[in-house]
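Input: a single structure, listed below in structure tokens.
The values are calculated or read from the model by the stated rules, or taken from the named source; none is laboratory data. Everything numeric in this text was worked out from a predicted model, so none of it was measured. Neighbour counts are summed over all protein chains in view; Cβ atoms, including those assigned to glycine, are modelled from backbone coordinates with ideal geometry. These area figures cover heavy atoms from the full protein model, side chains too; ligands, DNA and RNA do not enter into them. Shrake-Rupley method; radii C 1.70, N 1.55, O 1.52, S 1.80 Å.
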Amino acid sequence: MTAASRGRALLSRLFQSSLNPSPKWPALTIYSRSFSADPLPDYESESGDGANRIIEAKTRVMTPDSRRTGAIGIKCGMTALWDKWGERIPITVLWLDDNVVTQVKTVEKEGFFALQVGAGQKKEKHLTKPELGHFRAMGVPLKRKLKEFPVTEDALLPVGTPISVRHFLPGQYVDITAISRGKGFQGGMKRWGFKGMPASHGASLSHRSIGSTGQRDAPGKVFKGKKMPGRMGGEQTTVKNVWIYKIEPARNLMWVKGQVPGPEGSFVFIKDACYKKPDKSLLPFPTFFNPDGEETEKLEPIVADLGDNDPFMTGD
């Protein structure tokens, strides 16, 4: 039987099955994508297995297994300040620029629960057609940066929900992920912290050399992963247990203690700390919802509680 004959036989069987559908399988309809723009029917949703999930923007009770979404920030730079006890604190200022939920991923469709968050603004001419179609299909403003955060089912939020800096609390710890500064091609001493070669006693033109890189005839090669000179930086890095000193709801700014990867103006991804977990009874869950009629521009900065004991006073 030739290929053409087999094709005609297959079409004949499909046509007969469409005329006499069985109760187990729905009627088969032959669609030509070349002449029709109508979407194909979704038999799974019609059968009731993938029912539409209704997600409401309301406050819920956070359980020990709950996992909230994160946020996207922009690194503004570093500064320093003194707290009420006179201790100098190095500060990195992060700006949460118009964070909005742009997509909800559920088990019924994607196989897992996650929220896609967008930040910033971008012009239409600077977006690709797939990106533009995604924003229009979701009905959200055009965003400059997108990031997906895995969440639990009880932490889902509807599309268009804003995420402000009050999603986090002063005094809690967060994990911050970003792309580190690129430092170019560097030697072994700077890249890996090698000791280097002797400064005298016969060492000539090899003071910053890394030394031996292998053995002799056996194995006769340099093992993969050997620490050697090469490109340094420009990699995704996560700083864990970063302490939030202060938040400014009026300007959506977050002041954290210490350094954060990346140059000024780069995007950073902020989420609840994995090790030093915050008190879940105090966190806004699934996020902070602004009360009706509240004027955010008039809110004062919120500073972390530093306690009543002066760290510089020692007991007898």
Matching residues, segment 234-251, being within 19 Å of Asn290 (Cβ to Cβ) and open to solvent by 60 Å² or more (accessible area, probe 1.4 Å): Arg251
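Would you check if there is a residue in segment 150-163 being polar (S, T, N, Q), farther than 23 Å from Tyr245 by Cα, part of a loop (DSSP other than H, G, I, E, B) and touching a residue at least 40 places away in the same chain (Cβ under 8 Å)?
We begin by selecting, within segment 150-163, every residue polar (S, T, N, Q); these are 152, 161.
From what's left, farther than 23 Å from Tyr245 by Cα: 152, 161.
Filter once more, keeping what is part of a loop (DSSP other than H, G, I, E, B): 152, 161.
Subset that is touching a residue at least 40 places away in the same chain (Cβ under 8 Å): 152, 161.
Scanning segment 150-163, I find at least one residue that is polar (S, T, N, Q), farther than 23 Å from Tyr245 by Cα, part of a loop (DSSP other than H, G, I, E, B) and touching a residue at least 40 places away in the same chain (Cβ under 8 Å), so the answer is yes.
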Flagged in segment 209-233 as more than 30 Å from Val260 (Cβ to Cβ) and either open to solvent by 70 Å² or more (accessible area, probe 1.4 Å) or of a type in the set (Phe, Trp, Tyr) (or both), in numbering order, are Ser212, Gln215, Arg216, Asp217, Ala218, Lys221, Val222, Phe223, Lys224, Lys226
When residues of segment 51-81 are limited to those that are among the polar types (S, T, N, Q) and in contact (Cβ under 8 Å) with a residue 12 or more places away in the chain, the one most open to solvent (accessible area, probe 1.4 Å): Thr59
Would you be able to say whether some residue in segment 71-85 is under 18 Å from Asp272 (Cα atoms) and out of contact with any Leu (no Cβ under 8 Å at 6 or more places or on another chain)? no
Could you tell me whether segment 254-266 includes any residue that is closer than 30 Å to Gly73 by Cβ and out of contact with any strand residue (DSSP E or B) (no Cβ under 7 Å at 6 or more places or on another chain)? yes
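Each row is one residue, and each column tells you yes or no for (1) under 17 Å from Gly160 (Cβ atoms); (2) modelled with pLDDT of 90 or more; (3) out of contact with any strand residue (DSSP E or B) (no Cβ under 8 Å at 6 or more places or on another chain).
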position: Ala9; (1), (2), (3): no, no, yes
position: Gln16; (1), (2), (3): no, no, yes
position: Glu56; (1), (2), (3): yes, yes, yes
position: Arg67; (1), (2), (3): no, yes, no
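Output the strands (runs of 3 or more DSSP E) that fall wholly within segment 223-276 and possess 3 or more residues being touching a residue at least 12 places away in the same chain (Cβ under 8 Å) and closer than 24 Å to Lys183 by Cα, or say none. Spell out the reasoning first.
Numbers: elements: 230-232, 236-248, 253-257, 267-272.
Ranges flagged: 230-232, 236-248, 267-272.
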Got a number for residues in segment 164-221 being acidic (Asp, Glu) and in contact (Cβ under 8 Å) with a residue 12 or more places away in the chain? 1
